[in-house]
1. Go through segment 113-123 and give me each residue that's surrounded by fewer than 14 Cβ atoms within 10 Å (Cβ to Cβ) and closer than 23 Å to PRO31 by Cβ.
2. Return yes or no: is ARG124 touching a residue at least 60 places away in the same chain (Cβ under 8 Å) and among the basic types (Lys, Arg)?
3. Restricting to helices (runs of 4 or more DSSP H) lying wholly in segment 44-157: which have 2 or more residues that are touching a Pro at 6+ places or on another chain (Cβ under 6 Å)?
4. Of all residues in segment 70-112, count the ones that are touching a residue at least 60 places away in the same chain (Cβ under 8 Å) and either over 21 Å from ALA15 (Cβ atoms) or exposed (fewer than 15 other Cβ atoms within 10 Å of the Cβ) (or both).
5. Determine whether segment 30-37 contains at least one residue that is touching a helix residue (DSSP H, G or I) at 6+ places or on another chain (Cβ under 8 Å), in contact (Cβ under 8 Å) with a residue 60 or more places away in the chain and surrounded by 15 or more Cβ atoms within 10 Å (Cβ to Cβ).
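All of the numbers you see were taken from the coordinates with simple rules; none came from a lab. Everything numeric in this text was worked out from a predicted model, so none of it was measured. When we count neighbours, we look across all protein chains shown, and the Cβ atoms used for this are built from the backbone with ideal geometry, even at glycine.
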Amino acid sequence: MSVNGLAIALHVLAAVVWVGGMFFAYMALRPAAGQLALADRLALWAGVFARFFPFVWLSVIALLATGYWLIFAVLGGMGGAGTHVHIMHGLGWLMFALFGHVYFAPWRRLRLALEAGTLNEGARYLNQIRVLIGVNLLLGLIVVAVAAGGRYGLLPG
């Protein structure tokens, strides 16, 4: 078994879990959940995030570990990386930062609002999460397109 092949496979799987999960949540679950009463909608999303976010943390760790392995062990460092790798690297760090903000700020506040029973406040934090996940989903889809096509001439240079 090739370590590089395993690194690429884990890298892609981590991206699929994270970006695919955001796509499902944003494009399918969110519109369906919008029909629920506020208390039920907030409870649903709290349960979804409590189950999904640990997978995102695992994905972030896997993406960082495998990405840097591939950059330094396979490409010989950032100097040997193509434009598509630099774009993936930069957008990946932006995505990690946005997720960290979601996790440590509005997600924490949403949980506290639900514990306190302040549903309108919880709805405000859920909306913040929705906006940030929408941005991260867009970034993630761009990263996937760049990763898939960058090596094959999608990007100049």
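1. Across segment 113-123, the qualifying residue is only ASN120.
2. Against the criterion (touching a residue at least 60 places away in the same chain (Cβ under 8 Å) and among the basic types (Lys, Arg)), ARG124 does not qualify.
3. 119-149
4. Matching residues across segment 70-112 total 6.
5. The answer is yes; a qualifying residue exists.
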